[in-house]
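Scroll down for the structure; my scribbles are underneath it.
The values are calculated or read from the model by the stated rules, or taken from the named source; none is laboratory data. Keep in mind that what you see is a predicted model, and the values were worked out from it rather than measured. Methodologically, a virtual Cβ is constructed for each residue, glycine included, from the backbone with ideal geometry; neighbour enumeration extends over all protein chains shown.
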Amino acid sequence: MPQQLRLFVSIAAAILTIVLSFSDASANSVWKETKTVTVNQAAKTVQIVYINLSDRSIEIRPVTAKDQIGLTESLESMAKRTNAIAAINGTFFNAYTDDRQPHGVIQKNGVVLHSGSSGSVSGFDGNNRLMIANLNPKIIGGKNGSWEWPNNWHAWGFNHDTTSNSPNAIMLFTPEHKGGITSGNHAFSVVVDNGKVTRIVNENTTIPKTGYVIRIGRDAGEQWQNFFKVGDMVDYTVDFQAKTPSQNISWDSVRHSLGAGPILVHKGKVDVDFVRDQMPDPKITSNIGMRSFIGVKSDGTLGLGTVTAVTVQQLATVVKDLGFIEAMNLDGGASSGLYYNGSHLTKPGRELSNAWVIIKHPHNMPRLHVNGTELYSDVNAYMDFINGDRNRGVTMIPVRGVLEKTGATISWDASSKKVTAVRGNTKVELTTDSKVAIVNGAPQTLEMPATIRSNRVFVPLRFLSEALGDDVSWNQKEFMVTIQSSASNQTANSTISDLFNRAQTAYQAKEYGVAAAAYKQYVASVTNVDESTYNSWGWSAYNAGIFDDAILAFQGYTEKFPNKTGGYYGLAVIYSHSQVGNYEMAKQNYQKVLEVDSNGTHADYARKFLDTSNELLNKAQKTYIEKDYANAAILYKEYIQQVPNAEATAYHSWGWSAYNARMFDDAILAFQSYANRYPNSSAGAYGLAITYRHSTVNKPALAKQYYEKVIEIEPNSTNANYAREYLLTVK
């Protein structure tokens, strides 16, 4: 994504002085603290709940009001019904309309319940590690076993009604969405139950408990009217893509997440950027009010807190000075609330849509790793102890959703209370509350019987997995059970082939984030990677704005093929990008291009960059990389006036230099020139949309027009994804 201007609230630096502190800290893993701090000579109260994340019995989990999307519930009620020791309000929501829809990402047990279009996301993996990033979940669908054109489909988001302002949106609604689906302002709805299309309707419909509904917007009806058929097998996956290139972070291991924002602190420094986090509302950028935050200290201690009467910028300074190295803003104002040990430390002024809750389980929670991937279920695995002996633990797992991942077929007979697992030639039968299992007709004794808990059937993991021929191991340090199924080894080669095919298909379709992720997995899975694969991975990551991965790809390219220019050229282009900004490394790699092959296709680009006789362009490039945007804009404009047939990168750099220097008339001229000269690229239209959207220019109608143009020109591009995010938020 192009470099954008960082907007900071114009306030005096907040001077923080801790003048009073009360704490009930003890040997427990969760404790509270009250502080009084001074910000600009005014006293502010800070309420914080601290959590020791090294305690494996602690779970940080999101909760939605009444376990649905679109309702509200008191913070106290959400905390009590989940047996939480602490809770804090979560993401923003429509507090003043009837729909009460949240705005940010909500992900629980690895399942996305709601997608967000702005802000940042906080998430926890199975190891209770807090991660904060600018991410957007992309929904990619397939049909009848194929994920490639013409059988692939996409959706804009989860459980968010957009028909009033985005009639071309395709949205996915799961059972967590309140109520059913109304006919409303859309073309038709595709009802999917147990992976199969059961109905296609243009009237009110319910959401299956074991499925979902794909709602096709009114203006998208013609395009999709013949795509889905009753009886089709349909599936989808969610790919979290980074919005900010500098935050190259994998979300694959995350169990729970909530989006809000903006980011407050990163690597121990204040890092408030309202444009990057797409949060231009004055309520966020400049208003003073009650604020909530989530953050982590260098020793791994998590903090949930509220601060009275501060701006977001002041909040960031307070949080940094309290010792947090990573932190994110949550919903604020009347939504700010902090609950601890049965009572409010800060009481919200209204019911809420969602919250983070802190749950302390009776025992450490076992983690599950199945065929190389950590697996999350809607109910937790747990440890039971033989005759109460804590040295003789048996991991009990919910049979549904775990063993199916190993290729087993699971069935349940309610009348006999019997679970049957079949894979290949092996059949295992377990009856709840019985210590006798039947394996291929022969009885075997169990240490612990299958049991029903939380309306789910739990079975002893090691016995059942080993009976099916799997390798099971235990990591005491990570409290992790690892299952490697025999079936997974048989399908490894086909899985690798599928990865490569998916990467190529996505790359050709300009779905660069998907392609980059697939290429990265493929390269990690094989030993002999050819030149074209490194090249495709590198440019996929570059076009998706994942610069760290792009550098990794091209470095691999140069190590494997040192006598080829492609890897050095790729590194030079990346290092010369303003968001990476390493002029010397760009120069070194361009010099390497000429050293390897002075007559090759990349040599001309290298000479142009290194040609000191072209002093104007050279100076513009260097100034841009060094982020001296005002001078860079002047130099690029002068260069293009002299060389009207300049390359696309010159127009691009001129536009973003002018934008970042707040020279908006020049930015519009640059991006319009780009769009006219390169009509098949969406970059010019995207730059115009961003510029017209800026609060200083404030022409939302033109911003909307150019965002729609972006989607028209390159519907599968990263720019198009950002365009869709924006269009979800405007009316």
Residue within segment 317-338 that is in contact with a helix residue (DSSP H, G or I) (Cβ under 9 Å, 6 or more places away or on another chain), over 27 Å from residue 266 (Cβ atoms) and not hydrophobic (A, V, I, L, M, F, W, C) present: no
Residues located in segment 24-82, provided they are more than 21 Å from residue 290 (Cβ to Cβ), hydroxyl-bearing (Ser, Thr, Tyr) and touching a residue at least 60 places away in the same chain (Cβ under 8 Å): 29, 54, 57, 64, 82
Residue that is surrounded by the most Cβ atoms within 10 Å (Cβ to Cβ), among those in segment 232-241 that are closer than 18 Å to residue 721 by Cα and of a type outside the set (Phe, Trp, Tyr): 241
Qualifying positions in segment 347-365 - surrounded by 21 or more Cβ atoms within 10 Å (Cβ to Cβ) and farther than 23 Å from residue 101 by Cβ: 358
Residues being in contact with a strand residue (DSSP E or B) (Cβ under 6 Å, 6 or more places away or on another chain) and among the polar types (S, T, N, Q) - total across segment 84-108: 3
The one condition in (1) at pLDDT below 90; (2) part of a loop (DSSP other than H, G, I, E, B); (3) surrounded by fewer than 17 Cβ atoms within 10 Å (Cβ to Cβ) that residue 229 fails to fulfil: (1)
Single match in 289, 303, 323, 342 (criterion: under 26 Å from residue 94 (Cβ atoms) and either assigned by TED's automatic domain parsing to the domain that holds residue 72 or crowded, with 17+ Cβ neighbours inside 10 Å (or both)): 289
Counted residues, segment 74-96 - those being crowded, with 21+ Cβ neighbours inside 10 Å, outside any helix (DSSP H, G or I), at pLDDT 95 or above and not β-branched (Val, Ile, Thr): 5
Qualifying residue in segment 281-298 (condition: in contact (Cβ under 8 Å) with a residue 12 or more places away in the chain, in a loop (DSSP other than H, G, I, E, B), more than 22 Å from residue 545 (Cβ to Cβ) and of a type outside the set (Gly, Ala, Ser)): yes
Top-ranked residue in segment 708-731 [being part of a helix (DSSP H, G or I) and over 22 Å from the mean Cα position of the chain (by Cα); ranked as surrounded by the most Cβ atoms within 10 Å (Cβ to Cβ)]: 710
Residue satisfying condition, being hydroxyl-bearing (Ser, Thr, Tyr) and within 36 Å of the chain's Cα centre (by Cα), within set 426, 420, 431, 395: 395
Strands (runs of 3 or more DSSP E) enclosed by segment 396-451 - at least 1 residues per element that are touching a residue at least 40 places away in the same chain (Cβ under 8 Å) and buried (at least 16 other Cβ atoms within 10 Å of the Cβ): 418-423, 426-431
Among (1) over 28 Å from residue 511 (Cα atoms); (2) under 30 Å from the mean Cα position of the chain (by Cα); (3) among the small types (Gly, Ala, Ser), the one test that residue 633 misses: (2)
Which numbered condition residue 294 misses (of (1) within 30 Å of residue 696 (Cα to Cα); (2) hydrophobic (A, V, I, L, M, F, W, C); (3) at pLDDT 95 or above): (1)
Unmet criterion (only one of (1) part of a loop (DSSP other than H, G, I, E, B); (2) modelled with pLDDT of 90 or more; (3) crowded, with 21+ Cβ neighbours inside 10 Å; (4) not aliphatic (A, V, I, L, M)) for residue 534: (1)
Pairs with Cβ under 9 Å, 6+ apart, first in segment 685-699 and on the phi < 0 side of the Ramachandran plot and modelled with pLDDT under 90, second basic (Lys, Arg) and part of a helix (DSSP H, G or I): 693/704
Qualifying residues in segment 334-358 (those that are closer than 19 Å to residue 62 by Cβ and aliphatic (A, V, I, L, M)) - the one farthest from the chain's Cα centre (by Cα): 338
The listed residue being at pLDDT 75 or above and closer than 14 Å to residue 369 by Cβ, out of 452, 438, 483: 483
Options 646, 675; residue that is more than 27 Å from the chain's Cα centre (by Cα) and either touching a residue at least 40 places away in the same chain (Cβ under 8 Å) or within 20 Å of residue 617 (Cβ to Cβ) (or both): 646
Some residue of segment 238-261 being modelled with pLDDT under 95, closer than 30 Å to residue 575 by Cβ, in a strand (DSSP E or B) and of a type in the set (D, E, K, R): yes
Test: residue 275 is of a type outside the set (Phe, Trp, Tyr), surrounded by 14 or more Cβ atoms within 10 Å (Cβ to Cβ) and in a loop (DSSP other than H, G, I, E, B): yes
Which numbered condition residue 388 misses (of (1) under 27 Å from residue 85 (Cβ atoms); (2) of a type outside the set (S, T, N, Q); (3) modelled with pLDDT under 95; (4) in contact with a strand residue (DSSP E or B) (Cβ under 7 Å, 6 or more places away or on another chain)): (4)
